[in-house]
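Here's the structure we're looking at; comments come further down.
Read-outs: derived from the displayed coordinates by stated rules, not from any lab. Here the structure is a predicted model, which is why all the values come from computation and not from measurement. Note: ideal-geometry Cβ built from the backbone for every residue, glycine included; neighbour counts use all protein chains shown.
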Amino acid sequence: MGSARLMSRPMMTHRAAPQRCGGDAEYSPARLANWLCHGLLAVVILASSVLPVLAQSQTPAQPPAQPKPEVERIQDWTLQCTKAQADKPRTCFLIHDVYRVDGNQRILQIVVGRFGTDNVLAVLFFVPLGIRLPPGLTFQIDQNNPRKVPLERCSTKGCQAQVLLDDSLLDAFKAGNGGELSFDDAAGRSIVVKFSLKGFTSGIGKLP
């Protein structure tokens, strides 16, 4: 008998063909890969179009610019008014500043205006930080009797005292030429600051 020969066939290894966007019409791994390709491409396109919009929407809104106050110099005083708006009436303050001789530091600011919900006419005295608080302030108009005023609070602007401008005190301010205000520094020394009343009468008549 003849010997049978075994015909050997070369081993075939199957490699998965690389999947492209596009493929079989029926459900298969190739079609799944096709869906993933198109889905990923759609996400990339959508993200590229949405991100600039998100970046624009996240830009913080700028607050509306505040109108500059109207300022009028009246001799040694300054009248400062805000412009009337739809929801806010026009407000004005009469201000007097006193600086050190070298001009580098303000040592007294006097602000006259109407304050609070009752629109009460009052004068505010602002003096530097770092002074002794318990003694408060003492002020005098010309040769009138001096008046002591307690310091109410301190802020970055300075320490503040407030006095109601009743008829008697208002008349003294109008008739006076000047005055002086005193307080104690941190070492307990008395500091006396002179201030002018030139222009006060004209300015107080312009307050609303």
With Cβ to Cβ distances under 12 Å as the rule, what net charge do the other residues near Arg132 carry (K, R +1; D, E -1)? -1
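Report the equivalent ellipsoid semi-axes for the stretch 70-204 in whole Å, largest first, defined as the square roots of five times the eigenvalues of the gyration tensor built from alpha carbon atoms. Spell out each step's value before the answer.
Values: eigenvalues 119, 60, 49 Å².
Semi-axes from the Cα gyration tensor: 24, 17, 16 Å.
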Quick one: 3J(HN,Hα) in Hz for the stretch 67-84, Karplus 6.51/-1.76/1.60 with θ = phi - 60°, rounded, Gly and Pro as x. x, 6, x, 7, 10, 10, 8, 10, 6, 8, 10, 10, 9, 10, 10, 8, 6, 5
